[in-house]
Amino acid sequence: MLKVLIAEDDLLIADMTEELLSDNGYDVCGIGRTVADATALAWRHRPELAILDVRLADGDLGTQVAAELTELRNLGILYVTGNVAAVRSDTVRGHACLAKPYRPGDLLRSLQIVSGMIGGGRGASPFPPTFHLLPAATARQLPPASDTHDNTDPG
């Protein structure tokens, strides 16, 4: 059972995500609404996966959570956000992004893909419609763009 951290300031979304994951065999170690909450949970529980919203409470950013957890090298990071451009930089630590709004099945499939990537895999398709591999993860773990689909062009 994979352990997952959720960093989300919208408690309705966070609770629904926690229930979805628990119902599908994941162990949710907690929900952090701020960078401090999320990083404290991560250091205490050492999750394998993190679902990070980009905008958190108190003006915090999910990208800060990822940056503060660089020592957790095998942490698979999936951003969930309405602002995909905020994480499409080579400097942002993470594996993939799922654009909001998304379907529950798309979140589960995205976690499977990220989990495969941290296990040394290549992020096998099919990808959900609003799923995007992040540039840093693509350069580090995937073959050249001609051999894979990274969903950078949603049209």
Would you pick out the residues in the range 1-56 that are polar (S, T, N, Q) and either surrounded by fewer than 15 Cβ atoms within 10 Å (Cβ to Cβ) or under 16 Å from S110 (Cα atoms) (or both)? T17, S22, N24
Need the failing condition index for I31 against (1) under 15 Å from L75 (Cβ atoms); (2) among the β-branched types (V, I, T); (3) touching a strand residue (DSSP E or B) at 6+ places or on another chain (Cβ under 7 Å), just the number. (1)
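Each reported figure results from applying straightforward, stated rules to the coordinates on display, with no laboratory input. From a predicted model like this one, the values you see are computed outputs, not experimental measurements. Note that we place each Cβ from the backbone using ideal geometry, even for glycine, and neighbour counts take in every protein chain shown.
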